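Enquirer: Here it is: the structure, laid out below.
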Amino acid sequence: MNFNIDHRRQEVQQIVKNACDQLNAEGVDARNYVEQLAWLFFLKAFDEAETRREEEGAFDDTPYERRLSGPYAWSSWARDTDHPDRMLAFVNDKLWDKLTNPDPKKGLGDDLLAQRFRRIFDNVRNHCRRGVSFARVVQQVDKLHFSEETDVHVLSEIYEDLLKRVAADSAGYAGEFYTQRHIIRAMVEVVRPKPGDRVYDPCFGTAGFLGEAADYIRRDKSFSGKQLDIFQKHTFYGLENKPLTYLLGTMNMILHGIEGANLELANTLEVHTQNVDEKSKYNVILSNPPYGGKMDQTIQTNFRVHSSATECLFVQHIMANLARGGRAGVVIPEGVLFRGGSDLKVRQELLEHFNVHTILSLPAGCFLPYTGVKTNVIFFNRPKTQPPSGTMATETVWYYELTNDGFELKQTRKPIDGGQLPDFLAKWKGRMDGDNSWTVLTDEIVKRDYDLSAKNPNRKDDYEHHPALELVQSIRAKEERIMELLGELEEILEADA
């Protein structure tokens, strides 16, 4: 059995490598062949899902009508490899029109599924220019089986590795949406999503948090038919602003075995409202929102506390959408924890109305090669009942200062010994104090102007204990923040000129 699994793993790896090699030979760059494989994977996986529904419908005597049938079905056009130019012309002209035409009679219809197809295929394209090359790539993808657990698991690993490599080659592009897997897994372990939860990421990117949450919920659990339907269709929610990233996230959820995730293409901050109905809120929110961006005044008016900083607005959005008894884990830049002005107002509201139980201080450089900015993960719960007036929902905050996440704090991020995430998770369960962990009373935090930044009381001399590289990364992070502030000042001066 293990031999068969290992053999299939090697086969799947070789299939994807062959497809990538063919795209590379065609002159398609890494970023674009990730896009190319994504939409091909999507159509192949959808075709298999339709076949399964047809078989289930025949068994239950409830016939299923395919959305992509006849010549438009993958199982039809993708087998026409003996006529590669005809295949390429059909896909570029007829199939693409079918997938994107808003006319219900000519397209897929006007329901949510049809809208999702239009959003995806309006914003991606076929990067293969020659029929022969395209046919070879399609032949490789056709060998994959999205209904097989081994294929999906291996594909998920390969796909995320491709995204990581693209991110390393194009930090300004891919760094906006790729969060490193070991950080995600640690956050999921703390927040602990469970069956029946509504799990939300307001900027889901490639759906790393949602996919990992799906794996966590599914671990060691069996579902009844009704529970499985809820798990598939009413558990995972997300918004994403970038079309290609939306496709990558949608595809990643399919690779994690979730075909019915509620993923929407929208600017989260534009559609934000403070008045969210309780039944529309989420039990679990996991996210690494974009930071360093600037929002104009019209968007800021949607929020109780106005700010041009995206990170400050996203924290407010998460607070407004967390259900009673809900749990959240959010990556934020260091400045949110100590800056004055709007950040201070948001921290005060957070401490008063939510239980900020844990702050994980990450080392500067943890998100290289994308950014050297110092970040933290802040974990908070919303109480099931509102605390009495004049009292804080947060009584104590437990801190853990992570100095080694298991990877070098360099651009290459090679694995190293001594990773502290297992120690963090072990200590977190009992909120244990140690050399790298400590507890602070909320009264102390209020006295220092609601400053939530991690100041390890066990360090007598920061310069004595901090590695030289960490100090360099910290200086770089501060310089980046100075440049951001100078940019804001320049915009103000230009506006007044």
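Quick note: the coordinates plus some simple rules give every number you see, no bench work behind them. As the structure is a prediction and not an experimental result, all values here were calculated from the model. Don't worry about glycine lacking a Cβ; one is built from the backbone with ideal geometry, like all the others, and counts go over all protein chains shown.
Enquirer: How large is the dipole of the range 359-417 about the Cα centre if only Lys and Arg carry +1 and Asp and Glu carry -1, each at its Cβ, rounded to the nearest 20 debye?
Expert: Magnitude of the dipole: close to 220 debye.
Enquirer: Using 1/(1 + (r/R0)^6) with R0 = 41 angstrom and r between the beta carbons of LYS429 and GLU148, what's the FRET efficiency to the nearest 0.05? Show your work: numbers first, answer last.
Expert: On the way: r = 36 Å, r/R0 = 0.88.
Rounded to the nearest 0.05, the efficiency is 0.70.
Enquirer: Per 0.36 nm of contour for each residue apart, how much would the distance between LYS279 and SER308 grow if the chain were fully extended, relative to their Cα-Cα spacing?
Expert: Taking LYS279 through SER308 to full extension adds about 7.5 nm, to one decimal.
Enquirer: Hey, another quick one. Taking only Cα atoms, what is the 0 to 90° angle, nearest 10, from helix 2-25's long axis to the longest principal axis of the chain?
Expert: Taking Cα atoms only, the helix is inclined about 80 degrees.
Enquirer: Further question: Could you point to the residue in PHE209, HIS234, ILE183 farthest towards the positive end of the range 172-486's charge dipole, with +1 and -1 charges on the Cβ of Lys/Arg and Asp/Glu respectively?
Expert: HIS234
Enquirer: Can you tell me the alpha carbon radius of gyration of the chain divided by the globular rule-of-thumb value 2.2 N^0.38 Å?
Expert: Here the answer is 1.04, to two decimals.
Enquirer: Nothing charged except the Cβ atoms of Lys and Arg (+1) and of Asp and Glu (-1): what's the magnitude of the dipole of the chain about its Cα centre? Round to the nearest 20 debye.
Expert: Approximately 600 debye in magnitude.
Enquirer: What is the range 2-153's relative contact order, in percent, from Cα pairs under 8 angstrom and six or more apart in sequence?
Expert: 36 percent.
Enquirer: Going by alpha carbons, how many degrees (0 to 90, nearest 10) lie between the helix axis of 208-218 and the longest principal axis of the chain?
Expert: In the chain, helix 208-218 runs at an angle near 80 degrees to the longest axis.
Enquirer: Going by how many other beta carbons lie within 10 Å of each one, how would you line up GLU56, GLU48, GLU35, fewest first?
Expert: The most exposed by this proxy come first: GLU56, GLU48, GLU35.
Enquirer: Would you pull out the residues with amide H under 5 Å of ARG198's amide H, same chain only if 5 or more places away, H placed 1.01 Å from N?
Expert: Answer set, sorted by chain and number: ASN283, VAL284.
Enquirer: Just going by the charge dipole of the range 172-486, with Lys and Arg at +1 and Asp and Glu at -1 on Cβ, which of GLN386, ILE482, ASN302 is farthest out on the positive end?
Expert: Highest projection toward the positive end goes to GLN386.
Enquirer: Distance between the C-alpha centers of the range 369-391 and the range 243-310? Whole Å please.
Expert: The range 369-391 and the range 243-310 have Cα centres separated by 17 Å.
Enquirer: Using alpha-carbon pairs under 8 Å, 6+ residues apart, how would you state the relative contact order of the chain in percent?
Expert: Taking the mean separation of contacting Cα pairs over the length of the chain, I get 11 percent.
Enquirer: Which order results if PHE117, PHE223 are arranged by neighbouring Cβ count within 10 Å, fewest first?
Expert: Going from sparsest to densest Cβ surroundings: PHE223, PHE117.
Enquirer: Nearest 0.05, what FRET efficiency do ASP451 and GLU408 give at R0 = 22 Å with Cβ-Cβ as r?
Expert: The pair ASP451/GLU408 has a calculated efficiency of 0.15.
Enquirer: Follow-up. Could the peptides 257-267, 239-249 be put in order, highest first, of the mean number of other beta-carbon atoms found within 10 Å of their residues? Show your work: numbers first, answer last.
Expert: On the way: 257-267: 18.1, 239-249: 22.8.
Sorting 257-267, 239-249 by mean packing, highest first, produces 239-249, 257-267.
Enquirer: Just to be sure I understand the model, the point goes 7 Å from the Cα along the line to the Cβ. What's the resulting LYS106 to ARG129 distance in nm?
Expert: It works out to 2.8 nm between the two label points.
Enquirer: Report, ordered by chain and residue number, the lysines lying within cross-link reach of LYS384, taken as a straight Cα distance under 16 Å and ignoring same-chain residues fewer than 8 apart.
Expert: Filter leaves LYS279, LYS281.
Enquirer: So, R0 is 41 Å and r is the distance between the beta-carbons of GLU395 and ASN24; what FRET efficiency does that work out to, to 0.05?
Expert: FRET efficiency, GLU395 to ASN24: 0.15.
Enquirer: Please list, in order along the range 56-67, the HN-Hα scalar couplings obtained from phi with the Karplus expression 6.51 cos²θ - 1.76 cosθ + 1.60 (θ = phi - 60°), rounded to whole Hz, x for Gly and Pro.
Expert: 5, x, 5, 5, 8, 6, 10, x, 9, 9, 4, 7
Enquirer: Order these by the 10 Å Cβ neighbour count, fewest first: LEU337, LEU402, LEU112.
Expert: Least crowded to most crowded, the residues run LEU112, LEU337, LEU402.
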